[in-house]
Ligand code: GUN
């Protein structure tokens, strides 16, 4: 039974459309809130919702004192500008850390963002909590998305790693990755990183969650990461599994950011 103490953190979750993966993520996030006693306010909107309608929901939650975090699940349908929606969330409730002000602060020396995006924050938490030394190490981040690759590279730099970002136009990604002590793969290509991309003893964080056809399973597909686990686990000293590695950490960081926001709001 939930015990009420009068000050309960609240998270608003906005989902637009019916993408199966997004529906699953949002369900997991709301369930996690329930488990720890965070109130969640879910809004599921149809695919043809206009940008203004989404903006109105964000505004409503920006103005609602019971809401301490606002999450708009990405990607949004094509007719809605991600930039406009992400930029409309007030930075004090931006528990996803996607607002340009929060990412900008992350990129600047001597500045501390109000929130750091959940998946990259979860990657660093995994490294720190398992005793991996980041300072002075060479980290390679594969992928440069706003959600994971770019903030992960910035966070690793803040932890005093030397960081290389590998992306789709990098001439020889395997050669670059083979120099890494720490690899964060966040590119969305099933099993791109093979065993021979890795330096023996490297620490590997696999952010990818890619469905690949597998007719031997009930659903007809299985989930694999951006790293070929079977090969990589022979070479790496530590490696995260898919599923069950980074995914739960993203949710944990979301809950932590929401609690932090509520604490700030209640003073
Ligand atoms: N889509 C993929 N990852 C995320 C995330 O961490 N937050 C949101 N809002 N959308 C996502």
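Taking the condition free of Cβ contacts under 8 Å to residues at least 60 places away in the same chain, surrounded by fewer than 14 Cβ atoms within 10 Å (Cβ to Cβ) and under 22 Å from residue 119 (Cβ atoms), does residue 212 pass? Yes: the conditions hold for residue 212. Might you let me know whether the range 247-254 holds any residue that is in contact with a strand residue (DSSP E or B) (Cβ under 9 Å, 6 or more places away or on another chain) and surrounded by fewer than 23 Cβ atoms within 10 Å (Cβ to Cβ)? Checked the range 247-254: no residue is in contact with a strand residue (DSSP E or B) (Cβ under 9 Å, 6 or more places away or on another chain) and surrounded by fewer than 23 Cβ atoms within 10 Å (Cβ to Cβ). Against the condition crowded, with 18+ Cβ neighbours inside 10 Å and either within 16 Å of the ligand (Cβ to nearest atom) or not assigned by TED's automatic domain parsing to the domain that holds residue 33 (or both), how does residue 68 come out, does it pass? Yes; evaluated as a whole, the condition is true for this residue.
Of the residues in the range 130-139, not one is part of a strand (DSSP E or B), more than 28 Å from residue 114 (Cβ to Cβ) and free of Cβ contacts under 8 Å to residues at least 40 places away in the same chain.
Filtering the range 115-136 to residues that are more than 16 Å from residue 240 (Cβ to Cβ) and either within 14 Å of the ligand (Cβ to nearest atom) or crowded, with 19+ Cβ neighbours inside 10 Å (or both) leaves 115, 116, 117.
Here's the yes/no breakdown for (1) out of contact with any strand residue (DSSP E or B) (no Cβ under 8 Å at 6 or more places or on another chain); (2) assigned to a strand (DSSP E or B):
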position: 14; (1), (2): no, yes
position: 28; (1), (2): yes, no
position: 31; (1), (2): yes, no
position: 43; (1), (2): no, yes
position: 49; (1), (2): no, no
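Checking the range 161-184 against the condition returns no match, with no residue being buried (at least 16 other Cβ atoms within 10 Å of the Cβ), part of a loop (DSSP other than H, G, I, E, B) and under 18 Å from the mean Cα position of the chain (by Cα). Looking across 55, 71, 76, 106, one residue alone is part of a helix (DSSP H, G or I) and touching a residue at least 40 places away in the same chain (Cβ under 8 Å). It is 106.
Residues are listed down the side, and each one gets a yes or a no for (1) within 15 Å of the ligand (Cβ to nearest atom); (2) closer than 30 Å to residue 244 by Cβ:
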{"position": "7", "(1), (2)": "no, no"}
{"position": "14", "(1), (2)": "yes, yes"}
{"position": "25", "(1), (2)": "yes, yes"}
{"position": "33", "(1), (2)": "yes, yes"}
{"position": "46", "(1), (2)": "no, no"}
{"position": "58", "(1), (2)": "yes, no"}
{"position": "78", "(1), (2)": "no, no"}
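For the range 219-232, the count of residues that are at pLDDT below 95 and surrounded by fewer than 17 Cβ atoms within 10 Å (Cβ to Cβ) is at least one.
Could you say whether any residue in the range 226-233 is assigned to a loop (DSSP other than H, G, I, E, B) and touching a helix residue (DSSP H, G or I) at 6+ places or on another chain (Cβ under 9 Å)? Yes, that holds for at least one residue.
The values are calculated or read from the model by the stated rules, or taken from the named source; none is laboratory data. Computed from a prediction, not measured in an experiment: that's the story for all the values here. Every residue, glycine as well, gets a Cβ built from its backbone with ideal geometry; the counts of neighbours run over all protein chains shown.
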